[in-house]
Amino acid sequence: MSTDQQTGRPAGGPATPHVAHRRQPPPSADELRARIPGWGADLDHADRPSFPKLDWQADRYGAHWDYPAQQPGGEGRERSIEHAQLTPVFGTAQPLHGVSGAVRRLAYARYSEGRLAHWMLLIAGDRIDAWGAHARSFLSGRPDQPFTETGVVTEVTHHGLASRLRSSRTDTRHQVLDPVVVAGPWVAAAVGAFLGGRALVRAVRS
């Protein structure tokens, strides 16, 4: 954390896109120590193997611009609360939409990227988006085919078992979770639909 004082980047506050000049004035060590618990633990250069790489070198440091031109259309775009503003360039290929978009906006607006809640909300938004796509596929008359689209057939036709057992793949120990991750949501949905339908039938008969 002490690198903030040496590079001139703000420590503990909202981050801004990188610029060519050194930010002035940098906060003092006392200010940083009072604001950030544990700050300064690595101030002694003898305890930092990366020194002097992190030392400020005016002739070798900094971007080649004062500030990049801001891409238009950033109003209302999601950004982490650690950042004071959007980066000069950002993607627009997958705009947020619907319920999944509202969940993702909540993750960015309320929780830091260092909070588990931030990432769990993003995962929840992703799952909502996926199940919305599944529902639209059924309404379109061309429903998703979870069995064939997961690649299960290739396990038989393209030496799937051999590729898993006779290679140096790093994900071997994780493969036991594949059926749970891939089939689990579909099984849970089927069980939920069955139980819900049975409860509905019982309610109608009674």
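The values are calculated or read from the model by the stated rules, or taken from the named source; none is laboratory data. Since the model is a prediction, treat every value here as computed from it, not as a measurement. All Cβ positions, glycine included, derive from the backbone under ideal geometry; neighbour counts span all protein chains shown.
Taken together, 121, 139, 96, 106 contain a single residue that is touching a residue at least 12 places away in the same chain (Cβ under 8 Å) and under 25 Å from residue 183 (Cα atoms), which is 121. For the subset of segment 62-111 comprising residues that are β-branched (Val, Ile, Thr) and assigned to a loop (DSSP other than H, G, I, E, B), which member is surrounded by the fewest Cβ atoms within 10 Å (Cβ to Cβ)? The residue in question is 92. Being of a type in the set (Gly, Ala, Ser), in contact with a Gly (Cβ under 7 Å, 6 or more places away or on another chain) and either more than 22 Å from residue 189 (Cβ to Cβ) or not assigned by TED's automatic domain parsing to the domain that holds residue 186 (or both) is true of residue 100.
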